Amino acid sequence: QVQLVESGGGLVQAGGSLRLSCVASGRTFSNYAMGWFRQAPGKEREFVAAISYSGGRTSYANSVKGRFAISRDNAKNTVYLQMNTLKPEDTAVYYCAASGRLVPTSPGLYDYWGQGTQVTVSS
């Protein structure tokens, strides 16, 4: 089992920045690719970004490319999502997830999920 706890969400004005963190415990963190997903009210959960177990490969949704950056620190069992130039449409609950596959973008390919952290961007 892998336990994931997100933090760093909050309320920010459009154009601002936030950094989300996700701390993992349980099994060896560096064995897992990590992803960030988000879900807005009334919408399906959507892929945001993913990073390989070593950090050498990343993938981003087109909607966040150039604005968000995913990174990880395997020594701290932590994955981050730096979010810049935030827009109201980025408002959602953000979830981190762990996968035994390379850099998956589908939520169905992730094995473990955190509880989520709310991000609200005001216009």
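The values are calculated or read from the model by the stated rules, or taken from the named source; none is laboratory data. Please read these numbers as outputs of a predicted model, since none were measured by experiment. Because the Cβ atoms are built from the backbone with ideal geometry, glycine has one as well, and the counts that use them run over all protein chains shown. When the accessible area is computed, the model is the full protein with side chains, heavy atoms only, and any ligands, DNA or RNA have been set aside. Shrake-Rupley method; radii C 1.70, N 1.55, O 1.52, S 1.80 Å.
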* **Contour minus Cα-Cα distance for S63 and S25 (0.36 nm per residue)** => 10.7 nm
* To do: Take the Cα radius of gyration of the range 19-90 and divide it by 2.2 N^0.38 Å, with N its residue count; two decimals is plenty.
  => 1.13
* Can you tell me the Rg and the Dmax, both Å, for the Cα atoms in the chain? -> 13.2, 41
* Take every Cα pair under 8 Å in the chain that's 6+ residues apart, average their separations, divide by the length, and report that relative contact order as a whole percent. => 36
* Cα-based equivalent ellipsoid of the range 3-56: semi-axis lengths in Å, sorted from largest, via gyration tensor -> 23, 14, 12
* Would you mind computing, in nm to one decimal, how far apart the modelled labels at N74 and R101 are, each placed 7 Å from Cα along Cα→Cβ? => 2.1
* Structure fact -> Result for the range 52-123: accessible area per residue, probe 1.4 angstrom, in square angstrom, of 49
* Under the Karplus curve 6.51 cos²θ - 1.76 cosθ + 1.60, θ = phi - 60°, whole-Hz ³J(HN,Hα) for the range 16-30, x wherever Gly or Pro sits -> x, 10, 9, 10, 8, 10, 9, 9, 10, 9, x, 6, 4, 4, 6
* Asked: When only the heavy atoms of the protein chains count and the probe is 1.4 Å, how do K43, K65 rank by accessible area, highest first?
  -> K43, K65
* To do: For the range 64-123, with all protein chains present and a 1.4 Å probe, just round the carbon and sulfur fraction of the accessible area to a whole percent.
  => 47
